[in-house]
Amino acid sequence: MADFKAGVLTDLGKALAAKVEAGKCKLQFTKMKVGDGSPSCTEPMTDLASPKKMLDLSAVTPNDKGTCDVEAVMTNADLDKGFYLREIGLFATDPDVGEILYCVATAGDADYIQAKGGATVLSVAIHMTIAINSVDDVVTDVDIKGLVTAADLKAHDASETAHENLLMVTSTADKPASMSDRGLWVEIKDGLKSILHRWNKTTKSYDTLHPETESAQITDWHSGIMASLASKTLGTVVDAITTDSVLGKLIKLLLNASGVKYLIDTNGYICFGEFFGGLIIQWGTAPRVASNTAHAMFPISFNSSDYILIATGHIDDNSTAFIGGVLYNHKVNDSCLLRGSEANGPAAEYIAIGK
C-alpha cells in the first residue's frame, strides 16, 4: 500500500475533539470511506472529495500511550469499478450534529484497486491511528461489522476471553493465569488421569473439582466419610459395616485396603492392618506331640518370629497343668513348639501377639 500522510482533523472533527476534551462526550467512530479524490485545503470537508467505497469497522482499540487504532478491512470482491486509492476518511458521531467526517488521510503515490472479477482478490486491513487524551475518551462498544484479517483470527485464537464458555485442556506446565471468571480447565496428568479445575472469581484462584488423585478436594471425603467414621462409636461403626448402606460398603473397602482381616474360630486371628502398624493377634489349640511337648501351628504366618506367646493347659482336660514355655530354637513365623510342666500333660491353648 502507498504511504499515507498523517491524518488531518476536519473542522467538524476539531469541534468534536474539543467536546471530548471538555468531557461533554466520547469519541464514537462509525465507519471509514476510501476514494480517489484530492481534498481541498480551502473548503470545509463533510465527505471525501471522491468517495468510492464505504468500509465497516473491524476493531477500535485505544491504549494508554495516547493513541487509538481504528481498523477496517477493504476487499474488491464487490467492487464494480477499479480506482486509485488516494484518500481515506474516518467518520464519527457528534452528539449535536450526527455523523461527521472526523479525519482524512491522503497519499502522494496512489495504488490502483482492481475491480472484482480479476485474477487477484484483494483483502487488506486499513488502520488509522488517532490521538486521544485517555482510553476513557473512546467508545469501544461499537457495532463491529467489518471483515476480519488473519491477524485478527490469530489474536482471537490466543485470547482467553474469545468465547462466553471456555474449556481449556493443557499439561500441568501450561496452567493458564486465569479464565476471566469463567470456564473450566482440564489438567492432564500421567496416562488417562486428569484433574478438572474451575476458576473462582471470588478467590481469584482455581477450585479443584473431584480429582482422581487428590482426596482432600473431594467435597464429601473429609467432611462426610472421614468425619462420620471419626464421630461414630465402635458399635455404631460395626453396625454400619454389617449393613448394605453406602457408608458400610465404604468402610469395608477402606478396611480391606489397609489390610484389616479376621477369622473368628477355635483357631483364629485378627489382622489390624497398616492403621495399627500391622499388629496381629491369633489364638488356637496346640496338640500334644510328645509327653510334655505341644505344637502350635498358627492360622496365619507372622511376618517376624519376634512375637509373644502365652499358653496354658487345655481346659477340656480338667487339668491344672500349664505350659512351661517355648522350646529353644523352635520359634518360627508360622509355628512353635511348647514345653509342658508335667509329663503326659494335656494339649495347650495359646494366644500370640506380633506382626
Next item on the list: Give just the number: which of (1) polar (S, T, N, Q); (2) surrounded by 12 or more Cβ atoms within 10 Å (Cβ to Cβ); (3) not in a strand (DSSP E or B) does Gln282 not satisfy?
Entry: (3)
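Within segment 65-87, restricting attention to residues that are charged (D, E, K, R) and in contact with a Ser or Thr (Cβ under 8 Å, 6 or more places away or on another chain), which residue is farthest from Ile130 (Cα to Cα)? Explain how you work it out, then say what you get.
Taking segment 65-87 first, the residues charged (D, E, K, R) are 65, 69, 71, 78, 80-81, 86-87.
Now narrow it down to the ones that are in contact with a Ser or Thr (Cβ under 8 Å, 6 or more places away or on another chain): 69, 71, 86-87.
Details: Asp69: 6, Glu71: 11, Arg86: 19, Glu87: 16 Å.
Checking each candidate, the answer is Arg86.
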Note to self: Quick test of your reading of the structure: Ala173 fulfils all but one of (1) outside the structural domain of Glu71 (by TED's automatic domain parsing); (2) outside any loop (DSSP other than H, G, I, E, B); (3) modelled with pLDDT of 75 or more. Name the failing condition by number.
What the structure shows: (3)
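So in segment 77-93, with the set limited to residues that are under 48 Å from the mean Cα position of the chain (by Cα) and surrounded by fewer than 17 Cβ atoms within 10 Å (Cβ to Cβ), which one is nearest to Thr46 (Cα to Cα)? Working first, answer last.
In the first step, residues of segment 77-93 are kept if they are under 48 Å from the mean Cα position of the chain (by Cα); the result is 77-78, 88-93.
If we keep only those that are surrounded by fewer than 17 Cβ atoms within 10 Å (Cβ to Cβ) as well, we get 77-78.
Working: Ala77: 27, Asp78: 25 Å.
Out of the qualifying residues, it is Asp78.
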Check: Tell me, which residue of segment 271-288 that is closer than 27 Å to Gly340 by Cβ and at pLDDT 85 or above is farthest from the chain's Cα centre (by Cα)?
Finding: Pro287
Note to self: I'm trying to understand the selection: among the residues of segment 318-352, which are outside any strand (DSSP E or B) and at pLDDT 75 or above?
What the structure shows: Val332, Asn333, Asp334, Ala347
Check: Under 8 Å by Cβ, and 6 or more places apart or on different chains, what pairs join a residue from segment 263-285 that is more than 21 Å from Asp306 (Cβ to Cβ) with one that is of a type in the set (A, V, I, L, M, F, W, C) and buried (at least 18 other Cβ atoms within 10 Å of the Cβ)?
Finding: Asn267/Trp283; Gly268/Trp283; Thr285/Ala347; Thr285/Ala348
Next item on the list: Quickly run through segment 1-26 and pick out the residues that are buried (at least 17 other Cβ atoms within 10 Å of the Cβ) and closer than 14 Å to Asp96 by Cβ.
Entry: Leu12, Gly13, Leu16, Ala17, Val20, Lys26
Check: Would it be correct to say that Ile315 is of a type in the set (Val, Ile, Thr) and either modelled with pLDDT under 80 or touching an Asp or Glu at 6+ places or on another chain (Cβ under 6 Å) (or both)?
Finding: yes
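The values are calculated or read from the model by the stated rules, or taken from the named source; none is laboratory data. Worth saying up front: this structure is predicted, and the values here are computed from it rather than measured. Cβ: placed from backbone, ideal geometry, glycine included. Neighbour counts: every protein chain shown.
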